[in-house]
Structure formats: structure tokens, C-alpha cells
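Peer 1: Got a structure for you, written out below as C-alpha cells; questions coming shortly.
The values are calculated or read from the model by the stated rules, or taken from the named source; none is laboratory data. These figures come from a predicted structure and were not determined experimentally. FYI the Cβ positions are ideal-geometry reconstructions off the backbone, even for glycines, and counts take in every protein chain you see. What goes into the accessible areas is simple: the full protein's heavy atoms, side chains included, and nothing from ligands, DNA or RNA. Shrake-Rupley method; radii C 1.70, N 1.55, O 1.52, S 1.80 Å.
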Amino acid sequence: MDGMVYKENYRGKEESSDEREIETLKMEKKQSEVMEQLVKQASASPNANALTSILVQATSHPNVFSFSQFLALPNLLQLEATENSTYLDMLRLFAHGTWSDYKSNADCFPQLIPDQILKLKQLTVLTLAETYKVLPYNQLMQELDMTNVRELEDFLISECMYSGIVRGKLDHLRQCFQVQFAACRDLRHAQLGSMIQTLSNWLSTSENLLVSIQEKIKWADAMSEIEKKHRKDVEEKVQEVKSLIKKLHIVNRPTLTLGAMRIFALNLLV
């Protein structure tokens, strides 16, 4: 019974969000502003300790879900082969990894604070939502270290859907999350080739479709011209018939010969 009440309450909230697209745009703008500010701070960091502090702040910030701009900073190289190199590994984990990746190699990273754990679990949902359109609850609970459905659904609603990183429907009956939208995570270098190929295929298909549409437009224009000519011919025939009818009324009926009637009838049939 409790689960049913919970689901009904959520449906009411979902139906009341009439300006979802506007809110999404506002959220994206806010994320961009926060990202720009943190990247500037990181690029101007005077030393490794200050840089690692900003990386922790970025990976725990509720409005930051992309980290490629941080990975592109030249001064990150100062962390390589030092005692702070684990922070660089941590940044790569948040860019491409999941909660399971962290658990499997926890000794290779700095200890995460609660906000970072939350962020990494959100990113884990993103990774799964990019790959599958239907996410079984059992799989999600295993990936996120959650023990019951209520905890999972609370997390999906309050930490994922309300934050704008995913949209979808909770199916309590079938015990799954149906993905309708998922924000993109940072691309790995190995994924660039596949992405370029996908975009090239899309471009080729679009170009072929455009050619086909243009040919159909030309065909439609030609048919329109034919239709106009046919309509003009019919209108001219109608005027000829009207003219012949008028002439028929003018002709004196007793003087209309059989030959004249045949000629009139033939004109009507032409």
C-alpha cells in the first residue's frame, strides 16, 4: 500500500511540470556557469594542493556532470608521478567510470566524501541509461549498492530526474526504469572513432534523404503544372460548350436541320 501511495504522489509531481524544457535550459545554463568558474580556478591554481582541492570541489558539485574541460588543462600534468597523482585518477574515474569501478579499485583513489559518492552513483545511472532503454531495478540496486526498491526510486527521482540528467518512467509493477532521455557523459578517446562513424552515417543518410525530398518536390511541381494545364483546357472546353448552347438558343428551332444537330452534338463530345 505504501508503495502505491508513493507512486501516485510521484505521478502528480510529474504531471505538474509543464515547463520542463524551460527548466532544463535554465539548469544547463547554470551548469555551464559553474563549470566555467571552476575551470578558471583550476587553470590558475598556484600549486598541486590547491589544484587537488578544486578537483574535489568539481567532482562533488551538484551541478557538474562533465569533466573533459578539467582533463584538458595543461597544469594537470604537475600531478603525474607525484603523491597527488591519485587525484588525477579520481578525475578520470568521474569522467568515464562508475561506482563499481571505484569499489573494485578503491585503493587507487583518494577516499571519496559523501557528495562525491552521490555524484559517482548519479554518473553510474547515466552510463547505464546511455546503453539501455529499460533498466531493471535488480541491476540498478546491484550497481548502486542499494538494498530496497523504495531507496532506489527515491534516488532516481530526487537525485537523477529532478537534477535533469535523466528522464523516464518508474514502472513499479514491472520493477524497471524506462529511460526517455539521458545526458551524455564525457567521451573516451577510444569512442571518438565510433562517434565520428555514427555522425558520418547520419550525414550520408540525411544527404540522401534531402536529394529524395528535392526530387519529390520537382515531381510535385511538374504534376502541379500538368494539373494547371488540364484545368485550363477543361475551362476552355466549358466555355466552348456554353457558347454553342447560346448559339443553339439563337437558332430558330424549325429551321434547325438534322445535319446541324449532328454537328452540335459532335462539338459537345469533343
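Peer 1: How many of the residues making up the stretch 165-183 are exposed (fewer than 10 other Cβ atoms within 10 Å of the Cβ) and touching a Ser or Thr at 6+ places or on another chain (Cβ under 9 Å)?
Peer 2: Of the residues in that region, 0 qualify.
Peer 1: Answer with yes or no whether Leu199 is loosely packed, with under 12 Cβ neighbours inside 10 Å and within 20 Å of the chain's Cα centre (by Cα). First the steps, then the outcome.
Peer 2: On the way: loosely packed, with under 12 Cβ neighbours inside 10 Å: yes; within 20 Å of the chain's Cα centre (by Cα): yes.
It is true that Leu199 is loosely packed, with under 12 Cβ neighbours inside 10 Å and within 20 Å of the chain's Cα centre (by Cα).
Peer 1: If you don't mind, another one. Within the set of pairs 6 or more residues apart or between chains, which connect a residue that is free of Cβ contacts under 8 Å to residues at least 24 places away in the same chain and hydroxyl-bearing (Ser, Thr, Tyr) inside the stretch 91-110 to a residue that is assigned to a helix (DSSP H, G or I) and crowded, with 17+ Cβ neighbours inside 10 Å with Cβ atoms less than 8 Å apart?
Peer 2: Tyr102/Leu93; Tyr102/Leu120
Peer 1: Quick one: which helices (runs of 4 or more DSSP H) lie wholly within the stretch 35-107 and hold at least 1 residues that are within 30 Å of the chain's Cα centre (by Cα) and β-branched (Val, Ile, Thr)? Quick ask: steps written out before the conclusion?
Peer 2: On the way: elements: 48-60, 68-71, 85-96, 99-104.
Once the helices (runs of 4 or more DSSP H) in the stretch 35-107 are filtered for at least 1 residues that are within 30 Å of the chain's Cα centre (by Cα) and β-branched (Val, Ile, Thr), what remains is 48-60.
Peer 1: Within the stretch 133-142, is there a residue that is in a helix (DSSP H, G or I), β-branched (Val, Ile, Thr) and either in contact with a Cys (Cβ under 7 Å, 6 or more places away or on another chain) or open to solvent by 30 Å² or more (accessible area, probe 1.4 Å) (or both)?
Peer 2: Taking the stretch 133-142 and keeping what is in a helix (DSSP H, G or I), we get 137-142.
Those still in the list that are β-branched (Val, Ile, Thr) too: none.
Scanning the stretch 133-142, I find no residue that is in a helix (DSSP H, G or I), β-branched (Val, Ile, Thr) and either in contact with a Cys (Cβ under 7 Å, 6 or more places away or on another chain) or open to solvent by 30 Å² or more (accessible area, probe 1.4 Å) (or both), so the answer is no.
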